[in-house]
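What follows is one structure encoded as structure tokens, with my remarks underneath.
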Amino acid sequence: MKAKPGDDVVLQCRSLRVSAFTVLKWIRMDLNSEGYIFFFRENRVYENYQHPSYRGRVELKDPEMKDGDVSVILKNVTVNDTGTYECYVGYRTGSEFNNTINLTVEPGTNKDGGDKNGGKSGGHKDRNSRGHIGLAVGLSVTVLVLVLGFMFFIKLKRTRQSPNPAPADSSDGS
């Protein structure tokens, strides 16, 4: 499966048994020891078991999981999401492996017209934040130039004054 940065993708998986299952696990092979992509048990999602980069970005395609559909939606993919994903469904009698999906997120222009690095930049919010950063940097440089210019002006003014100012005229007519 191929996607572009910023896309939402559906990782398809169906349970071979329609009977109630106890656990649903989605893993990515190269991140398996660091957490799950999605972990569902006892009718709830356990985000604390998820790899940090997937928290808040993965949800069930059909929360009711009708007809054994245990597919998930992976939102706002980046090139870092490229990998091999596996779906496992667990029953009281054991677990079954259901599906493998190879996802490739290709660098290029994302759907918001953003950059090619596959990161989160490129959306309207991110373009605005880059603009704010540029404005902050520009203002900082301007303030720095003004401060340095003022310090140079003060130093120049002091050096133009003679080091031994002429004594005040003390003739009082006596």
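The values are calculated or read from the model by the stated rules, or taken from the named source; none is laboratory data. Computed from a predicted structure; not experimentally measured. Virtual Cβ from ideal backbone geometry, glycine too; neighbours counted across all protein chains shown.
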Review point. If you scan the range 71-101, which residues turn out to be modelled with pLDDT of 90 or more and among the β-branched types (V, I, T)?
Key: V72, I73, V77, T78, V79, T82, T84, T100, I101
Check your understanding: Consider K25 against the criteria (1) surrounded by 18 or more Cβ atoms within 10 Å (Cβ to Cβ); (2) modelled with pLDDT under 90: it satisfies all of them except one. Which criterion is unmet?
Key -> (2)
Point to revise | Scope the range 46-93; condition of a type in the set (A, V, I, L, M) and more than 20 Å from G6 (Cβ to Cβ); matching residues | key: L60, M65, V70, V89
